Amino acid sequence: MTTSGTTSSETGGTTRTRRGVGILGTGVIFRAYARGLSTQPHLPVLRVADLDEDRARAAAAEWDIPRIGTAEDLLADPEIEIVVNITPPGAHAALTDAALRAGKHVYVEKPLAATVADAERNVATARETGRLLGGAPDTFLGTAGQTARTAVDSGLIGRPFAATSFVRSSRAETWHPEPSFLFRAGGGPVLDMGPYHVAALVNLLGPVERVVSASSRPEQQLLVTAADKRIDRVDVEIDTHSTAILQFASGALATTMYSFDVWDTELPHIEVYGTEGTLAVPDPNYFDEPVRIRRRGEREWRELPAAIARTTPEPPHPFRGLGVADLAAALDGEPHRTSAEFALHVLHVLAAVQEGSLDDGVVAIPSRPRRPAAVAPQA
């Protein structure tokens, strides 16, 4: 094992600096990160930490990770340069702050923090310490997100003026043994699935300028029917159906509906409407599904050729980690696409969607990050 600057590896024809990685949290999303980082040989995972030591030990054994321990052990490890924080959202802010102050660069699973105030404090700490902070989602860096981006940038649909974005229920109560966290503060469809959609829209259309929204709570309690359920019912403590209009700085408008109550729909995940055609963008929770287009005057939809090489190995799921690689590349001077400023902007938009009401009227979004740089095709 070596520290950064002593060993490099070839990734996509580019020499990358080796940087040790430590992962905080070994819950459901851990395998996706472990799998994704296993495709990045310059980013070896050297240590994992979890409050559940047995779970951490099992995760380390499964993925040949040499060390486990507490969060304090991980932050004190001199071989770890990048910390990946995939703890529950309520724990994000405190652990991110501690990692930054320990001299680590940090990549955080979505959302950047459970509240806007916490996220803003983390961004300030990153500036204060001179460390790099980035955050999920990273799926817009994948083949689908970049193929759609190329189509927009090359004018295939003319000038984009509108979009739609829809999330239906994940039906968590039918498969998750204890889904209460999804129906409490910090959960809900806006903060659970909304980050993927808003990040995808900002990648395509640029930053959001204003939001008007309304939310409701159709059910007060839900029956849990998962085969291995640990509880019988879930109290719904937050609004679970939100609709909004997003106005982008470019002038484009997006109509969104993010819901845990819509059980089925034939609505698309994302569509972008331009003066010369329509772009159908697949589920932004994934990386490599096809992008389709139908231009003015065409009689049928057609699939667009991929703009970049396939992102994920077969089978494609679960997979995460492109954002960690993006942060590492930024340390080598490349564009930081999943930057803290980008992740904070997404959270600003989601907070406006979730917390706004018709009585509030239009809510101005305080942040205005640059649109992330497009991913260049590999040579």
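What follows is calculated from the coordinates using simple rules that are stated; it is not laboratory data. What you see is a predicted model; the values in this text were computed from it and never measured. A quick note on method: Cβ atoms are made from the backbone with ideal geometry, for glycine too, and the neighbour counts reach across all protein chains shown.
In nm, what is the difference between 0.36 nm times the number of residues separating T275 and D54 and their Cα-Cα distance?
Working: separation 221, 0.36 × 221 = 79.56 nm, distance 5.63 nm.
Once the chain is fully extended between T275 and D54, it gains 73.9 nm.
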Could you give the radius of gyration (one decimal) and Dmax (whole number) of the Cα atoms in segment 161-299, in Å?
16.7, 55
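Antiparallel as a % of all DSSP beta bridges within the chain, to the nearest 5?
On the way: 41 of 65 bridges.
The answer is about 65 percent antiparallel.
Among DSSP bridges having both ends in segment 6-114, what percentage is antiparallel? Round to the nearest 5.
Details: 4 of 19 bridges.
So the antiparallel bridges in segment 6-114 amount to around 20 percent.
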Kirkwood hydrodynamic radius of the chain, Cα pairs, Å:
21.3
Out of A376, Y107, F342, whose Cα points farthest toward the positive end of the dipole of the chain (charges: +1 Lys, Arg; -1 Asp, Glu; placed on Cβ)?
A376
Longest to shortest principal axis, alpha-carbon extents of segment 8-135, angstrom
37, 36, 24
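For the chain, what is the mean residue ellipticity at 222 nm derived from helices alone (per DSSP H run of n ≥ 4: -39500 (n - 2.57); sum divided by total residues; nearest 500 deg cm²/dmol)?
Numbers: 11 runs with 109 residues, N = 379.
Helices in the chain give a 222 nm mean residue ellipticity of -8500 deg cm²/dmol.
Quick check: net charge around I86, other residues with Cβ under 9 Å of its Cβ, Lys/Arg +1 and Asp/Glu -1? Let's see the in-between values first.
On the way: positive: R320; negative: E109.
Result for the local shell: 0.
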Applying the Karplus parametrisation 6.51 cos²θ - 1.76 cosθ + 1.60 with θ = phi - 60° to the phi angles of segment 155-162, what ³J(HN,Hα) value in whole Hz is obtained for each residue in order, glycine and proline being reported as x?
x, 4, 10, x, 8, x, 10, 7
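Expressed as a fraction of 2.2 N^0.38 Å, the rule-of-thumb size for a compact globular protein of N residues, what is the C-alpha radius of gyration of segment 311-379?
1.49
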Karplus (6.51, -1.76, 1.60) ³J(HN,Hα), θ = phi - 60°, over segment 232-240, in Hz, Gly and Pro reported as x:
8, 9, 10, 7, 8, 9, 9, 5, 10
Test of understanding: what is the full-extension gain from R310 to R233, defined as 0.36 nm times their sequence separation minus their Cα-Cα distance?
23.6 nm
What percent of all Cα-Cα pairs in segment 79-229 falls into each 10 Å bin, going from 0 up to the bin containing the maximum distance?
9, 30, 31, 24, 6, 0
